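Derivation of every value follows stated rules applied to the coordinates shown; laboratory data play no part. Remember, predicted model here, so these are calculated numbers, not experimental data. Virtual Cβ from ideal backbone geometry, glycine too; neighbours counted across all protein chains shown.
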């Protein structure tokens with residue numbers, strides 16, 4: 001049937017601030033849904049409290065409400081806007097829970113608002129563990145034996161019925177497995193049941209037989225109003241059951257299912273979706289399979305866009321959220337075109353002729369004393385995705401994407417000891433595939449590793465094949481690399497860095513690249529087309545591999561390449577993807593061909609219809625250079641933008657400069673001047689700008705000497721890091737020794753910077769833009785917490801609330817002087833501390849900052865877009881004369897950090913110079929008597945720690 005005409009206005013509920021278990025994949029789903037609905041002529045009203053996202057940008061919806069996600073705020077918005085329908089399936093568990101609560105109160109019915117995209121009954125069935133169990137029994141779907149407990153006593157009775165430990169604890173209605181886990185001891189059982197009952201909003205936990213070690217699979221489904229159902233993508237978890245799917249390495253399409261098993265799973269998934277309601281929309285279904293008997297059980301079903309929906313969309317090129325939104329307004333699958341091919345129908349199930357690997361990204365180093373073992377409670381803060389023609393190629397490319405210093409699956413540094421490998425393999429840790437590779441290097445067999453890890457032998461054989469290639473490389477010199485063997489090596493995903501490390505003799509990455517090009521071995525770029533090349537694709541979405549056919553045609557248009565931010569992690573989150581998207585749109589608006597390089601499947605920047613061309617590739621030097629050389633074959637590359645992708649993009653600036661590749665905006669020498677502490681301090685002296693006394697050291701002894709000279713307390717930090725990684729405040733010589741030793745263990749050969757810590761100072765963040773001449777200050781933010789708490793963990797207020805006009809004028813003058821002296825073209829962020837009315841400059845970053853989206857949402861000025869267009873040659877006066885630089889903020893905007901402490905109950909809630917927050921919310925207040933200001937102000941010193 002065609003789209004509904006009886007509804008005109010649709011309310012879309014977002015997922016709120018980013019927390020572990022509910023991250024920016026919902027920003028992607030929500031943005032895609034909003035765009036699809038507006039294209040169909042519907043008016044979209046959007047509510048979400050996250051300022052860092054594209055979803056809450058004015059370009060996404062007709063009306064955007066940056067408000068907290070509570071029943072009260074939803075009621076106020078609905079009473080004012082009077083939508084005809086609400087779509088709650090794009091905002092994760094937060095949106096579903098809100099919709100369900102307001103339904104129970106009778107609010108939607110009273111306001112005449114129809115819930116579309118899901119049945120409320122479906123939410124209740126899938127979230128109430130006992131109801132779900134009863135329904136599955138009714139339709140004949142096998143499950144793990146389990147029962148719901150409402151008390152510790154009832155839980156112990158159920159444990160006895162199930163035959164004892166181990167069992168799995170699953171609290172009802174929680175996110176990312178919060179409070180859940182496998183329990184092996186009675187003491188742990190008591191503790192986890194009690195905690196689960198407290199965390200569950202309905203105070204229920206499911207006690208379930210353990211299926212630890214079984215194989216885990218996910219299917220993404222879509223259904224229309226005519227009950228047509230398609231499976232978009234079968235995803236297989238490399239890690240067996242026992243590791244939360246958000247913490248598991250996953251592979252698409254599923255690799256180890258027989259056709260018969262897949263058809264059974266497919267039929268069961270469709271049966272399950274039909275059993276929970278008649279709604280048109282998306283669904284995610286999870287299964288476990290016993291590897292020896294083939295017994296298949298249903299784990300759970302989510303009647304909404306899930307974490308894996310974004311992954312499946314990027315893996316196949318099939319825009320699940322966009323199609324689900326259209327199905328929710330009445331379309332059927334056969335009426336919708338496949339946006340990728342433009343000629344086939346959306347009811348064709350995607351078929352892919354490559355392998356996709358997702359690896360989660362963790363930040364355990366941020367949380368002292370954290371238990372790194374992976375369990376049924378999610379701990380990852382982000383993820384990367386890689387595409388290759390084979391599993392080994394995709395796996396190595398995923399490791400190159402992780403932004404943790406690896407050039408692939410090992411083979412770029414010394415192998416660890418036998419003892420370390422044995423200890424790391426015993427339990428599931430973040431580096432499991434690396435340790436499997438290390439075990440093969442030490443002579444372990446597939447059988448031995450399988451007995452320890454329960455990982456399917458098929459995956460183990462693939463990793464063993466990688467190690468066999470390594471062994472062959474170690475026997476050769478550079479001159480002995482022939483074309484056939486080198487092509488095979490590259491088809492296994494090896495980077496030039498790894499090849500150089502493994503070859504005999506003193507070989508560099510550049511040597512390998514030169515040899516490779518001399519032998520005519522360069523990557524080809526293939527299309528992601530949803531149909532295994534059966535039909536021509538309209539969308540320019542590519543991955544690299546080493547084959548003969550190249551599908552990426554280079555145009556004669558002038559090009560701009562934007563380097564993305566890679567995986568989300570603490571210190572570099574979705575705010576940089578927001579900036580990248582604005583960068584792409586700004587370049588397109590100025591008539592350039594905008595090319596995006598990124599590897600994060602959760603984000604809007606990697607949506608296939610945002611840039612003119614998307615390369616889903618690691619933001620890794622070799623891969624980036626390959627793309628630049630390919631796209632610049634007609635000499636039409638204007639340059640590369642590195643200011644928008646955080647530290648990920650910025651750290652490639654030196655190599656771009658050395659290779660003579662134009663960097664758009666601020667030049668590399670000036671970026672380096674800002675980053676190199678001694679040079680930047682000389683610049684501040686030249687400008688007569690105060691800064692805290694500092695010193696630099698490369699050893700523990702040098703650090704102690706500097707600290708004794710400067711005095712205490714002293715701020716210790718490594719250079720060139722993200723989110724204050726490794727930063728500490730020391731108050732004596734012993735602490736300096738301990739902290740510096742820890743930093744050098746984590747980051748060997750790093751220069752360590754030591755600054756006098758300005759105790760009880762007021763920290764200030766300034767975001768600005770410069771066209772090389774004129775400087776425009778976009779926003780000055782005052783932190784509520786004292787200096788010493790990382791800016792990303794501080795509550796920031798725009799405009800400042802207690803600084804004198806004299807101090808503010810000094811802040812403005814220093815920002816302008818620094819921007820001009822650094823010859824900034826584009827964006828800059830300057831951090832300062834005010835103590836006793838003296839303004840000290842701490843650092844300046846000539847790039848997009850973490851706070852830029854917040855400033856843009858608070859003031860209504862598109863800062864990232866303006867900054868990008870300055871990089872491309874426009875002048876600030878053009879924007880000023882058009883009235884585009886005027887802030888629309890009335891009152892104050894407050895940036896509120898959000899933490900995921902509940903995922904790490906063993907970690908103390910302490911704040912210091914190393915960032916720990918995973919997301920943020922925004923609040924608009926008229927006066928400082930508002931609770932959003934009063935509460936953080938009252939407890940501003942509470943969590944400050946060293």
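Go through 564-576, 86-98, 40-52, 890-902 and give me the packing order, highest mean Cβ count within 10 Å leading.
Peptide ranking by packing, descending: 564-576, 86-98, 40-52, 890-902.
So if we plug the beta-carbon distance of residue 813 and residue 372 into 1/(1 + (r/R0)^6) with R0 = 45 Å, what FRET efficiency do we get, rounded to 0.05?
My answer for the efficiency is 0.45.
Obtain the radius of gyration and the Kirkwood radius of the range 693-756 from its C-alpha atoms and give Rg over Rh. Don't skip to the answer; put the middle values down first.
Details: Rg = 10.0 Å, Rh = 11.1 Å.
Value, to two decimals: 0.91.
Beta carbons within 10 angstrom, averaged per residue: use that to sort the peptides 321-328, 875-882, 202-209, highest first.
Values: 321-328: 27.4, 875-882: 14.1, 202-209: 21.9.
Packing order, densest peptide first, comes out as 321-328, 202-209, 875-882.
If the convex hull of the alpha-carbon atoms of the range 799-840 is projected onto planes in all directions, what is the mean projected area in square nanometres? Walk me through the numbers before you get to the answer.
Working: hull surface 13.1 nm².
Its Cα hull, projected and averaged over all orientations, spans 3.3 nm².
Using the number of other C-beta atoms within 10 angstrom as an exposure proxy, rank 190, 771 with the fewest first. Mind showing how you got there, number by number?
Numbers: 190 14, 771 24.
Listed from fewest to most nearby Cβ atoms, that is 190, 771.
Using only the alpha carbons of the range 215-352, determine the length spanned along each of the three principal axes and report them from longest to shortest in whole angstroms.
For the range 215-352, the Cα extents along the three principal axes come out at 43, 29, 26 Å.
So if I take the centroid of the Cα atoms in the range 862-916 and the same for the range 412-433, what is the distance between those two points in Å?
Cα centres, the range 862-916 to the range 412-433: 39 Å.
Viscosity 1.306 mPa s, temperature 10 °C: give me the Stokes-Einstein translational D for the range 1-71 in µm²/s, with Rh taken as the Kirkwood radius over C-alpha pairs.
127
Would you compute, for the Cα atoms of the range 761-938, the largest minus smallest coordinate along each principal axis and list the three values in descending order, in whole Å?
Per principal axis, max minus min of the Cα coordinates gives 51, 31, 31 Å.
Can you give the helix-only mean residue ellipticity at 222 nm for the chain, where every DSSP H stretch with n ≥ 4 adds -39500 (n - 2.57) and the sum goes over all residues, rounded to the nearest 500 deg cm²/dmol?
Working: 32 runs with 334 residues, N = 946.
-10500 deg cm²/dmol, from helical runs alone.
At a Förster distance of 41 Å, what's the computed FRET efficiency of residue 555 paired with residue 59, Cβ-Cβ distance as r, to 0.05? Mind showing how you got there, number by number?
Values: r = 25 Å, r/R0 = 0.62.
About 0.95, to the nearest 0.05.
Percent relative contact order of the range 145-209, based on C-alpha pairs within less than 8 angstrom and at least six residues apart? Spell out each step's value before the answer.
Details: 128 pairs, mean separation 29.4, N = 65.
About 45 percent, as a whole number.
What is the extension gain from residue 805 to residue 351, computed as 0.36 nm multiplied by their sequence separation minus the C-alpha to C-alpha distance, in nm to one decimal?
Working: separation 454, 0.36 × 454 = 163.44 nm, distance 6.27 nm.
Gain in length upon complete extension: 157.2 nm.
Tell me whether the range 9-116 comes out rounded, prolate or oblate; compute the Cα gyration tensor, take square roots of the eigenvalues as a ≥ b ≥ c, and use a/c under 1.5 as the rounded threshold. Could the numbers behind the result be given before it?
Working: a/c = 1.66, a/b = 1.18, b/c = 1.41.
The shape class here is oblate.
In nm, what is the difference between 0.36 nm times the number of residues separating residue 510 and residue 161 and their Cα-Cα distance? Can you show the working numbers first?
Numbers: separation 349, 0.36 × 349 = 125.64 nm, distance 6.40 nm.
Contour length minus the Cα-Cα distance gives 119.2 nm.
Where does each of 71-78, 10-17 land if you order them by average Cβ count within 10 Å, highest first? Provide the component values of the computation, followed by the final result.
Numbers: 71-78: 16.2, 10-17: 27.6.
Order by mean packing, descending: 10-17, 71-78.
Please state the shape class of the range 813-871: rounded when a/c is under 1.5, otherwise prolate if a/b exceeds b/c and oblate if not, all from the C-alpha gyration tensor.
Working: a/c = 2.53, a/b = 1.43, b/c = 1.77.
It is oblate, given that a/c is not under 1.5 and a/b is not larger than b/c.
Mind sorting 783, 657, 932 by how few other Cβ atoms lie within 10 Å of their own Cβ, fewest first?
Going from sparsest to densest Cβ surroundings: 657, 932, 783.
I'd like the FRET efficiency for residue 927 and residue 70, computed as 1/(1 + (r/R0)^6) with the beta carbon distance as r and R0 of 25 Å, rounded to 0.05. Mind showing how you got there, number by number?
Numbers: r = 21 Å, r/R0 = 0.83.
About 0.75, to the nearest 0.05.
Can you list the residues of the range 177-211 with backbone N under 16 Å from a point 7 Å past the Cα of residue 153, pointing along Cα to Cβ?
Flagged as within label range: 194.
Take the Cα of residue 751, step 7 Å along the line toward its Cβ, and report every residue of the range 809-826 whose backbone nitrogen sits under 20 Å from that point.
822-823
Under the definition of Cα pairs under 8 Å and six or more residues apart, what whole-number percent is the relative contact order of the chain?
Working: 2143 pairs, mean separation 97.5, N = 946.
Averaging sequence separation for qualifying contacts and normalising by length gives 10 percent for the chain.
Please report the antiparallel percentage of DSSP beta bridges with both residues in the chain, rounded to the nearest 5. Walk me through the numbers on the way to the answer.
On the way: 103 of 136 bridges.
So the antiparallel bridges in the chain amount to around 75 percent.
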